[in-house]
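Data block below; observations after.
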Amino acid sequence: MRVKVKTNIVILWYSLCGEPMLPYVVVMVTVANRDEALKIVRSLLKERLIACANIVGPISSIFWWKGKIEEASEFLVFMKSRENHFERLSERVMEIHSYEVPEIIAVPIIKGSQPYLEWLGDSLQK
């Protein structure tokens, strides 16, 4: 089923933009603190599941959790990867992360400078 959905997304992308979809994504993960962010990033870099990461924070997060609105100070990690690494990357984050339900979402990179995209591809696990 996953292949069919992906195929439909690619077809929709071509029909909307007339350009091939790039195989890269930005994965966003929120974490409790900078040390946790560094631990996750270093692990994923060593495995070449990500090419690089940016750690931003602290940020203020407001969200529903167990039936009530909560607020937390967190750090946000932006990681660049390949779309086909997402499942493994997500599994690794879940193994390391301290949260019961961590935010792990990916958005496609639709454009980028050619030298950067080449570096990105060369930096990742094949």
For the range 65-75, check the following and say yes or no: at least one residue is basic (Lys, Arg), closer than 19 Å to LEU124 by Cβ and either modelled with pLDDT of 95 or more or under 18 Å from the mean Cα position of the chain (by Cα) (or both). no
Identify all residues within the range 52-66 that are over 22 Å from GLU95 (Cα atoms) and in contact (Cβ under 8 Å) with a residue 12 or more places away in the chain; write none if there are none. GLY57, PRO58, ILE59, SER60, SER61
Among (1) free of Cβ contacts under 8 Å to residues at least 40 places away in the same chain; (2) closer than 15 Å to SER123 by Cβ, the one test that VAL25 misses: (1)
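Matching residues to (1) in contact (Cβ under 8 Å) with a residue 40 or more places away in the chain; (2) more than 20 Å from ILE40 (Cα to Cα):
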site: ILE50; (1), (2): yes, no
site: LYS68; (1), (2): no, yes
site: GLU71; (1), (2): no, yes
site: HIS85; (1), (2): yes, no
site: LEU89; (1), (2): yes, no
site: MET94; (1), (2): no, no
site: ILE104; (1), (2): yes, no
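The values are calculated or read from the model by the stated rules, or taken from the named source; none is laboratory data. No experiment lies behind these values; they were computed from the predicted model shown. Please note: Cβ atoms are built from the backbone with ideal geometry, for glycine as well, and neighbour counts cover all protein chains shown.
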